[in-house]
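Engineer: There's a structure below that I have some questions on.
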Amino acid sequence: MLTALESEQYSRHLTLSGFGLEKQLRLKAARVLLVGAGGLGCPIGLYLAAAGVGTLGVVDSDQVERSNLQRQIAHSVEAIGQAKVDSLIQRMRSINPLLTYQAHGFAVDEDNVNDLIAQYDLIIDGTDNFATRFLLADACYLQGIPLLQGAVFEYQGQINLFAPGGSETGACYRCIFREPPSRGALAPCAEVGVLGVIPGLIGTMMAIEAVKFITGVGNALPGKMLVYNALEQTLKTIALTRDVDCPLCGDFPTIHTALQIKGLSCAVTLPDDQLISVEQAKQLLAAGAFLLDVREASEFQAGHLPQAAHLPLASIERESTEALLPDDAPVVVYCQKGMRSQVAVQSLNQLGYERVYSVVGGLEVWPGGDYRLAGAI
Ligand SMILES: [Zn+2]
């Protein structure tokens with residue numbers, strides 16, 4: 001049953017036609033894990049706390065940064081530097097102190113994923129990287145735990161719900177996204193832009209799907225993908241079909257353990273000697289190194305280091321580099337935060353360039369380099 005306080009807190013659910021006490025008790029009994037306390041995680045966390053999901057876990061290893069506040073609406077200026085899990089749970093608790101909250105302040109990886117998700121009966125993936133998405137998709141499928149997944153990109157967003165059991169629940173994540181994304185598609189992660197309201201809308205729709213799934217109200221999403229486009233203001237539902245050749249859920253599966261796909265993370269790990277500080281970069285440039293900016297054209301136009309040449313990460317290929325890069329000089333590569341430049345250096349290595357270096361921290365740590373703070377340079 002509900003306590004007097006709970007009955008008061010959820011009174012609009014209790015009087016809602018087709019919902020009522022029975023559905024509210026299902027929410028109270030539910031254990032939901034939110035992966036990622038960012039743009040999607042914030043609205044999902046706030047609405048599921050408000051709705052009364054009995055046990056809510058949040059897993060995230062990041063700290064709140066000022067650039068998060070454009071879309072991660074549960075965090076505040078006061079929380080900058082604080083762990084995102086703590087900041088989000090604090091806000092959720094302030095809306096609803098009647099729930100059990102579990103903070104997991106680490107990154108999900110192949111060593112902890114199975115034990116972590118086994119504690120919950122619905123996993124919600126609001127992360128921004130493919131390595132975690134594939135890992136969660138595999139682990140949830142193999143353990144038979146439902147997975148609600150969302151993604152946002154620029155002016156678009158999409159939602160999938162993968163529920164175990166039977167052909168009527170349609171495809172798994174790998175039926176749709178079997179191939180690892182290309183290097184260019186990887187670039188986004190933490191850096192490519194997204195309209196700040198998009199994760200708010202997609203996250204809110206994910207919270208609706210979570211409540212529907214837990215309570216059984218309405219038509220659940222499994223077997224369909226919801227795609228939203230803000231520029232066209234359209235919402236499409238695409239039916240998904242299970243792929244009999246899928247390596248995870250197909251007739252002859254080849255994936256039996258959830259393993260992290262290496263090299264799919266935003267954080268490409270370069271050898272230490274290819275990661276350089278701003279000081280080291282300046283010394284190389286003074287000695288005649290070539291300077292390359294690998295951000296998008298709009299970012300480059302808004303401001304860049306004076307002597308930099310421009311080649312967006314996704315355009316790094318043999319033809320473009322042969323036309324632009326010197327054969328004989330070292331190349332210093334930078335981007336906004338030092339992530340895309342690492343991917344770029346790795347790509348350039350593969351094209352045969354050896355003396356290429358990524359500036360750690362990117363423009364944001366280059367004195368006077370952050371044009372958003374310092375004005376165009
Ligand atoms: Zn599949």
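The values are calculated or read from the model by the stated rules, or taken from the named source; none is laboratory data. Only a predicted model underlies this, so the values are computations on that prediction, with no experimental measurement involved. Cβ coordinates were reconstructed from backbone atoms using ideal geometry, including for glycine residues, and neighbour counts include every protein chain displayed. Keep in mind that these areas ignore ligands, DNA and RNA; they rest on the heavy atoms of the full protein, side chains included. Shrake-Rupley method; radii C 1.70, N 1.55, O 1.52, S 1.80 Å.
Engineer: Taking the dipole about the Cα centre of segment 216-328, with the C-beta of Lys and Arg at +1 and of Asp and Glu at -1, give me whichever of GLN280, PRO222, ILE238 is farthest to the positive side.
Structural biologist: Most positive-ward Cα: PRO222.
Engineer: Please name which of TYR357, THR132, LEU325 has its Cα lying farthest along the dipole of the chain towards the positive end, using unit charges on Cβ (Lys, Arg +1; Asp, Glu -1) and the Cα centre as origin.
Structural biologist: The Cα lying farthest towards the positive end belongs to THR132.
Engineer: Here's another thing I want to ask about it. What is the gain in length, in nm to one decimal, between SER7 and LEU201 on full extension, counting 0.36 nm per residue of separation less the C-alpha to C-alpha distance? Don't skip to the end; give the middle numbers.
Structural biologist: Values: separation 194, 0.36 × 194 = 69.84 nm, distance 2.80 nm.
Full extension of this stretch gives 67.0 nm more.
Engineer: With charges only on Cβ, +1 for K and R and -1 for D and E, what is the dipole size of segment 211-320 about its Cα centre, in debye, rounded to 20?
Structural biologist: Values: 8 positive and 12 negative charges, 100 e Å.
Dipole magnitude for segment 211-320 comes out near 480 debye.
Engineer: Report relative contact order for the chain in percent, whole number only (criteria: Cα-Cα under 8 Å, sequence separation at least 6).
Structural biologist: 13 percent
Engineer: Count charges around GLN63 for me, please; just the other residues with Cβ under 12 Å from its Cβ, Lys/Arg as +1, Asp/Glu as -1. Walk me through the numbers on the way to the answer.
Structural biologist: Working: positive: ARG66, LYS84; negative: ASP60, ASP62, GLU65, ASP86.
Net charge around GLN63: -2.
Engineer: Extending each Cα 7 Å along its Cβ direction at PHE252 and ASP273, get the distance between those two points in nm, one decimal.
Structural biologist: Taking the simple label geometry, PHE252 and ASP273 are separated by 4.6 nm.
Engineer: Separation between the ARG93 and VAL77 pseudo-spin-labels, each 7 Å from Cα along Cα→Cβ, expressed in nm?
Structural biologist: 2.4 nm
Engineer: Relative contact order, percent, of segment 1-65 when contacts are C-alpha pairs under 8 Å separated by at least 6 residues?
Structural biologist: 32 percent
Engineer: About the Cα centre of the chain, how large is the charge dipole given +1 on each Lys and Arg Cβ and -1 on each Asp and Glu Cβ? Please answer in debye to the nearest 20.
Structural biologist: Here the size comes out at about 1160 debye.
Engineer: Within segment 19-33, find all residues whose amide N lies under 15 Å from a label point positioned 7 Å from the Cα of ASN219 along Cα-to-beta-carbon.
Structural biologist: none
Engineer: On to the next question. Give the aspartates and glutamates reachable from LYS23 as a straight Cα distance under 19 Å; neighbours fewer than 8 places away on the same chain don't count.
Structural biologist: GLU6, GLU8, ASP121, GLU209
Engineer: Follow-up. Please list the non-local residues whose amide H lies under 5 Å from the amide H of ALA309, H modeled 1.01 Å from N, same-chain partners needing a gap of 5 or more.
Structural biologist: LEU291, LEU292, ASP293
Engineer: How would LEU5, LEU195 line up by accessible area, probe 1.4 Å, largest first?
Structural biologist: My answer, sorted largest first, is LEU5, LEU195.
Engineer: Further question: Using a Gaussian network for the chain with springs between C-alpha atoms less than 10 Å apart, which of these wobbles most: PRO222, PRO164, PRO271?
Structural biologist: PRO271
Engineer: I'd like the carbon and sulfur percentage of the solvent accessible area for the chain, probe radius 1.4 Å, heavy atoms only, ligands and nucleic acids excluded.
Structural biologist: 53 percent
Engineer: Still on this model: Would you kindly state how much longer the chain becomes between SER298 and ASP121 on full extension, computed as 0.36 nm times their sequence separation minus their alpha carbon distance, in nm to one decimal?
Structural biologist: 59.4 nm is the gain from fully extending SER298 to ASP121.
Engineer: Let me ask something else about it. All other residues with a Cβ under 13 Å from the Cβ of ASP125 taken together, and with Lys, Arg as +1 and Asp, Glu as -1, what is their net charge?
Structural biologist: Numbers: positive: ARG133; negative: ASP60, ASP128, ASP138, GLU209.
Charge balance in the 13 Å sphere: -3.
Engineer: Work out the length of the dipole vector of segment 1-95 about its Cα centre, built from +1 on the beta-carbon of each Lys and Arg and -1 on the beta-carbon of each Asp and Glu, and round it to the nearest 20 debye. Walk me through the numbers on the way to the answer.
Structural biologist: Working: 10 positive and 8 negative charges, 45 e Å.
Using Cβ point charges on Lys, Arg, Asp and Glu, segment 1-95 gives about 220 debye.
Engineer: Return the percentage of antiparallel bridges among DSSP beta bridges fully within the chain, rounded to the nearest 5 %. Walk me through the numbers before you get to the answer.
Structural biologist: Details: 19 of 48 bridges.
Antiparallel bridges: around 40 percent, rounded to the nearest 5.
Engineer: Just add up the charged neighbours of ILE145: K/R +1, D/E -1, any other residue whose Cβ is under 12 Å from the Cβ of ILE145.
Structural biologist: Numbers: positive: ARG31; negative: ASP121, ASP125, ASP138.
In short, -2.
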